[in-house]
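First up is the structure itself, then whatever we jot down about it.
The values are calculated or read from the model by the stated rules, or taken from the named source; none is laboratory data. Keep in mind that what you see is a predicted model, and the values were worked out from it rather than measured. Note: ideal-geometry Cβ built from the backbone for every residue, glycine included; neighbour counts use all protein chains shown.
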Amino acid sequence: MKKLLGCLLCVMLLVFGVSATALALPTNYYLIGGSGDLPDSASQSHQDTWDNVDWLIDNFGSLPIPPAPLPPLGVGDSVDANFPTPAASSGSWDSPDGTSYLYFSLKAGSDTPASGGGFALYYIAGGASSGVFDTGTTAGLADGWYDLSGHAISHISLWNPTQSVPEPATMLLLGSGLLGLALFGRQRFK
């Protein structure tokens, strides 16, 4: 009886898994915005540059996205995620070094049609080192993805918030505390 139920469950999962043609936006993904949301004065508004991504986080990070406001973007370059080649309009990605990231941007290619595809920025609550993407196929738009006209992916960039750097005063306070403990311990055992 258990084997029969197990087989039935496997068949049901297979049928439902194969019948889903679009990737639903995972519940921990939140769309922040995309190239169409940038001001007209933005340079290279179709590119997912640090300036453009940072602007979207600063200006759209107060949307009902937990946690609001969003953590500020870290200074520096992004990391390119691994994704299937040839590039597709939907699929999965993973971090090249296994690091968990809080933001990812999809940059759509401009090969078909020649008008270009733009980019979209997402927040991942809790972070992730792998995930899924959809550039706005008809079924994907209904599932909450940003409209990138179904273009194939040019690249997927992974971004993290600013890492806190210890201040010199904090290090001095910690060092003096350790020195005090060492002197106290030395006098006590003499």
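Looking at segment 93-134, what strands (runs of 3 or more DSSP E) fall wholly within it and have at least 3 residues that are of a type in the set (Phe, Trp, Tyr) and at pLDDT below 85?
Hits in segment 93-134: none.
Within segment 53-61, identify whether any single residue is surrounded by fewer than 17 Cβ atoms within 10 Å (Cβ to Cβ), of a type in the set (A, V, I, L, M, F, W, C) and modelled with pLDDT under 85, and answer yes or no.
no
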